[in-house]
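Each remark here refers to the structure printed beneath this line.
A short reminder: the numbers here are calculations on the coordinates, not readings from a lab. Predicted model, so just to flag it, every value in this text is computed and none were measured. Cβ placement follows ideal geometry from the backbone for every residue including glycine, while neighbour counts extend to all protein chains displayed.
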Number of protein chains: 2
Amino acid sequence: MSQQPISGKTIGRLSLYRRVLYGLLAEGERSIFSHQLAALVGGTAAQVRRDMMAVGYTGSPTRGYDVQELSESIGRFLESPQGQRAALVGVGNLGRALLAYFSGRRPKLSIEAAFDTDPLKYGRVIHGCRCYPMDDLVSKIRELGITIGIVTVPAESAQGVADKLCQAGVFGILNFAPTRLWTPSVVYVEDIDMTMSLEKVAFFARQRAMEKGSI
Amino acid sequence: MSQQPISGKTIGRLSLYRRVLYGLLAEGERSIFSHQLAALVGGTAAQVRRDMMAVGYTGSPTRGYDVQELSESIGRFLESPQGQRAALVGVGNLGRALLAYFSGRRPKLSIEAAFDTDPLKYGRVIHGCRCYPMDDLVSKIRELGITIGIVTVPAESAQGVADKLCQAGVFGILNFAPTRLWTPSVVYVEDIDMTMSLEKVAFFARQRAMEKGSI
């Protein structure tokens, strides 16, 4: 891995390139030029080439990038060779949907445990993932070597859960709770704020409808 | 509404301020200074004051902002007085979870219809929302005056769904499918890319663990 600091935006684009490359592979494409890849993700060829330099992969000027090799290079850059383990906290509607969604999607990134306060869920296996009591969170995460937490509890419980995850030793949190989490600076937090996103769409939809004179 | 072009980031912050203000109201807080609000959302006081100028609300230099009045001002700025209607397309695990999540959260922003290709779901009411056949999407969206689409179908079906939503006349799409949508420029698209976000957390978690010498 490069020693240069790398931005969240770059990592996001690499994740996107890889997904597009997987799609091309499935369609039998063998090679692609930077401007073609750029068009598929809505970026520029120069941006694609800069991002691939970060990964350390260079294509051929005449044939472009080898699709298979490039997707593997990005995978080696993004993922740990031995894989990483995540835990999901809060097995409500959203938590269950995420267990189904992420299940088996990436072999090197698996959700190995779920936690909830509802005793009826203890011991159950939901979309391939076992559910444990919230009280066992710290010990279980340490036992399983989990480094990533996914928070799908209501806003009012989220900070308490984040505190426990940090205490257990995770280094990253994907937060779906509609609240800001306070964590030690060593822990990386990424928020997915669905209400904010929907309100944003609603605002711009209304603005555009007004411009068109529809409302 | 202001005639100045306003960025998605500003709208996102306004949505966040309002949520924080709702929380303060519930705790009985009557007023707040810009630097206090800034601390609660992780921003700066200058930023908060600029954002509030866009909304057209000014606080008192000695007492700060009135919490109730400010949350109402932001609401009037973000939302349509007569409300806006959304439709959700794809009633799988994620779609159902989102119906539950958004149900009743904002009185002026409601999901009025869901669509799926599974005949077993037709006519069912799921978390308060009726499910219709995918074939009725265009006519039903027009009939109900829906202007926002939420896409929760698999990647391979998403573009076809987006085409139908645009044909039906929506002006905004919240896209959960892990693929880029191509739409007319008049339609605002916001992506929530959960796989990309999880891969980002995994990358930075691993980087931080390596810095700490844990792995």
- Task: Between copies, how far apart are the A:Q47 label points? List them in nm, one decimal, shortest first, with each point 7 Å from Cα toward Cβ, please?
- Result: 2.2
- Note on the structure: Plugging the Cβ-Cβ distance of A:Q47 and A:E211 into 1/(1 + (r/R0)^6) at R0 = 35 Å yields, to the nearest 0.05, a FRET efficiency of 0.70
- Query: Which trypsin sites (Lys or Arg not before Pro) in segment B:58-95 pass both tests, a DSSP loop state and at most 11 other beta-carbon atoms within 10 Å?
  - Reply: B:R63
- Query: Long-range amide H contacts for B:I173: which residues qualify at under 5 Å (H placed 1.01 Å from N, peptide plane, sequence gap of 5 or more or a different chain)?
  - Reply: B:G149, B:Y188, B:V189, B:E190
- Note on the structure: What the 10 Å binned alpha carbon P(r) of the protein assembly as shown shows, as percent of pairs per bin from 0, is 4, 20, 27, 29, 17, 3, 0
- Note on the structure: On the formula 1/(1 + (r/R0)^6), with r taken between the Cβ atoms of A:D136 and B:S157 and R0 of 45 Å, the FRET efficiency rounded to 0.05 is 0.70
- Within segment A:84-196, percent of DSSP bridges classed antiparallel, to nearest 5: 10 percent
- Task: Quick one: what are the phi-derived ³J(HN,Hα) couplings along segment A:75-91, Karplus 6.51/-1.76/1.60 with θ = phi - 60°, whole Hz, x for glycine and proline?
- Result: x, 5, 6, 7, 10, 7, x, 8, x, 10, 10, 10, 10, 10, 10, x, 9
- Item | Candidates A:L70, A:L24, A:L198, ranked by Gaussian network fluctuation over chain A, Cα under 10 Å, top entry | A:L198
- Query: What is the Cα centroid distance between segment A:147-211 and segment B:129-170, reported in whole angstrom?
  - Reply: 27 Å
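What does the C-alpha gyration tensor say about the overall shape of segment B:120-168? Classify as rounded when a/c is under 1.5, otherwise prolate if a/b is larger than b/c, or oblate. It would help to have the intermediate numbers written out before the result.
Details: a/c = 1.78, a/b = 1.19, b/c = 1.49.
Verdict is oblate for segment B:120-168.
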- Query: Percent antiparallel among DSSP beta bridges with both residues in the protein assembly as shown, to the nearest 5?
  - Reply: 20 percent
- With springs only between Cα atoms under 10 Å, which of A:L174, A:L40, A:L99 fluctuates most in a Gaussian network model of chain A? A:L40
- Task: For A:K108, enumerate residues with amide H under 5 Å from its amide H, sequence gap 5+ or separate chain, H modeled in the peptide plane.
- Result: none
- Expected response for nearest chain B Cβ to the B-A rotation axis, distance in whole Å, is B:A97, 2
- J(HN,Hα) series, segment A:102-109, from Karplus relation 6.51 cos²θ - 1.76 cosθ + 1.60, nearest Hz, glycine and proline x: 8, 4, x, 6, 9, x, 8, 8
- Okay, helix-only estimate at 222 nm for chain A: each DSSP H run of n ≥ 4 adds -39500 (n - 2.57), divide by all residues, round to 500 deg cm²/dmol; what do you get? -14500 deg cm²/dmol
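If you place +1 on the Cβ of every Lys and Arg and -1 on the Cβ of every Asp and Glu, how big does the dipole about the Cα centre of segment A:1-109 come out, in debye to the nearest 20?
The calculated dipole for segment A:1-109 is roughly 300 debye.
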- Message: Give me A:C129, A:C166 sorted ascending by neighbouring Cβ count inside 10 Å, so fewest comes first.
- Response: A:C166, A:C129
- Item | Overall form of segment A:91-215 per C-alpha gyration tensor (a/c, 1.5; a/b vs b/c) | prolate
- GNM top mover of B:T183, B:T44, B:T62 - chain B, alpha-carbon springs below 10 Å: B:T62
- What ranking do A:S157, B:S185 get, fewest neighbouring Cβ atoms within 10 angstrom at the top? B:S185, A:S157
- Query: HN-Hα J couplings of segment A:21-37 from phi, Karplus 6.51/-1.76/1.60, θ = phi - 60°, integer Hz, Gly and Pro as x?
  - Reply: 5, 4, x, 5, 4, 4, 8, x, 6, 9, 9, 8, 8, 4, 5, 6, 4
- Query: Say a paramagnetic label sat at a point 7 Å from the Cα of A:L120, along Cα to Cβ; which residues of segment B:105-148 have their backbone N under 20 Å from it?
  - Reply: B:126-128
